[in-house]
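Shown next, in C-alpha cells, is the structure this report addresses.
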Amino acid sequence: MPGRLLIILGPTAVGKTDFAISKALEVGSPVISCDSRQIFREMSIGTAVPSPEQLSAVPHYFIQTRSVTENYTAGDYEVDALALIRRLFAEGHETLVMTGGSMFYIDAVCGGLDSLPQVDPAIRAGLMERLRAEGPASLAEELRRLDPASYETLELTNGQRVVRALEVCIGTGKPFSSFKTGQRRQREFEIEKIGLNRPRAELYARIDQRVLQMIQAGLVDEVRSLLPYRSCPALQTVGYREIFSYLDGEISLDRAVELVQQHSRNYAKRQLTWWRRDPSINWLMR
C-alpha cells in the first residue's frame, strides 16, 4: 500500500507547529518542515523556528540545515524532500507529517514545479542590484504593471520571488503567470492536506503579538549579526528587511515593528488567497 503524506498548512502564526507535532505523535511520524526560511540556520528568531521543547517532542527535518549564503530554491527542496519522504516510507512509516506555510515548497512536493524559460543572466543581475538599492516594493510595483496575476499571489516582500517573476516577464515579454501550466506530476504516495485558519481579527492579533515577542527575544541583534550577508536572497524577506532599514537609520524601531506586523499580515492574506484555489484542502477553523 502507498504511504500517506499529511500536510498541515495555513497562514503564518495560525498554530501549525503544535498541531503538526500532535499529529506526528498520533501516527508515529517525524515532522518534515516545509518552510523556506526556517531551513536557514542563521535565521532563528525572525522565522519563528520551533522551540527546543517542540523540536525534542519528535524528530524534525529541514530545520536550520542550510546557510543563508546558499542559493536554495523550491526546486532544490522538491528533490531533497522527495528523497527523504521515499526513504521514510521505505523504512516502514505509513503516514508522514509535513508542515509549513511556503506555498511554492508545498506545490513542489505535491505536483512538481512548472518548467520556466531560461533568461539572460544579466537581467537577473540587474534586478538583484535594483533589489539591493531600491528594496522589493519598487520591483513589486513593476511586477504589478507587467503581471497583475503574479502580483496578486506572490509574497511581494520576498525579493527573490519577485526578481524571479520579473526576470521572466522582462526576458520573454510574457507574464510570469502565463508559464504556470498547472500540469502536475503524479506522486506514488497519497497526499492529504489540512488547512488551519482562524477568524481574521484573531489571526492578525496573533501575528502582531508574535512580532512583539520576536523583538523581545532579540530580533534586532539577530538581524545586526546578519548585516554582512544582507544581500543574500534568503534575507530579502519580512522581519529582516524592515530591521535592516532601522539599523540603517532610515526608520525608527517602532516604525520597523509596525512594518513587520503589517507585512506579516499581508503575507498571511496572500497565503490564504493562494490556497483557496486548491479544493483538496480540508480547512479547520482553530
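The values are calculated or read from the model by the stated rules, or taken from the named source; none is laboratory data. Keep in mind that what you see is a predicted model, and the values were worked out from it rather than measured. Note that each Cβ is placed from the backbone with ideal geometry, even for glycine, and that neighbours are counted across all protein chains shown.
Residues that are at pLDDT 95 or above and not in a strand (DSSP E or B) within region 62-76 comprise PHE62, ILE63, GLN64, THR65, SER67, VAL68, listed in sequence order. Of the residues making up region 171-226, those that are of a type in the set (Ser, Thr, Tyr), closer than 25 Å to ASP278 by Cβ and more than 21 Å from the chain's Cα centre (by Cα) are SER178, THR181. Screening region 203-242 for residues that are in contact with an Asp or Glu (Cβ under 9 Å, 6 or more places away or on another chain) and of a type in the set (Ser, Thr, Tyr) and picking the one that is farthest from PRO136 (Cα to Cα) gives SER225. Filtering region 156-190 to residues that are among the charged types (D, E, K, R) and either in a helix (DSSP H, G or I) or out of contact with any Lys or Arg (no Cβ under 6 Å at 6 or more places or on another chain) (or both) leaves ARG161, ARG164, GLU167, LYS174, LYS180, ARG184, ARG185, ARG187, GLU188. Just checking, how many residues over region 114-155 are touching a residue at least 24 places away in the same chain (Cβ under 8 Å), among the basic types (Lys, Arg) and surrounded by 15 or more Cβ atoms within 10 Å (Cβ to Cβ)? So the count comes out to 1. Out of ASP114, ASP147, ASP107, one residue alone is at pLDDT below 85 and among the charged types (D, E, K, R). It is ASP114. From the list TYR246, TYR267, the lone residue that is aromatic (Phe, Trp, Tyr) and closer than 19 Å to SER36 by Cβ is TYR267.
Of all residues in region 22-61, those satisfying the criterion of being over 17 Å from THR12 (Cα atoms) and either acidic (Asp, Glu) or part of a loop (DSSP other than H, G, I, E, B) (or both) are GLU26, GLY28, SER29, PRO30, ARG41, GLU42, GLU53, VAL58, PRO59.
Would you be able to tell me the number of residues in region 233-263 that are over 14 Å from GLU222 (Cβ atoms), of a type in the set (D, E, K, R) and in a helix (DSSP H, G or I)? Selection size over region 233-263: 3.
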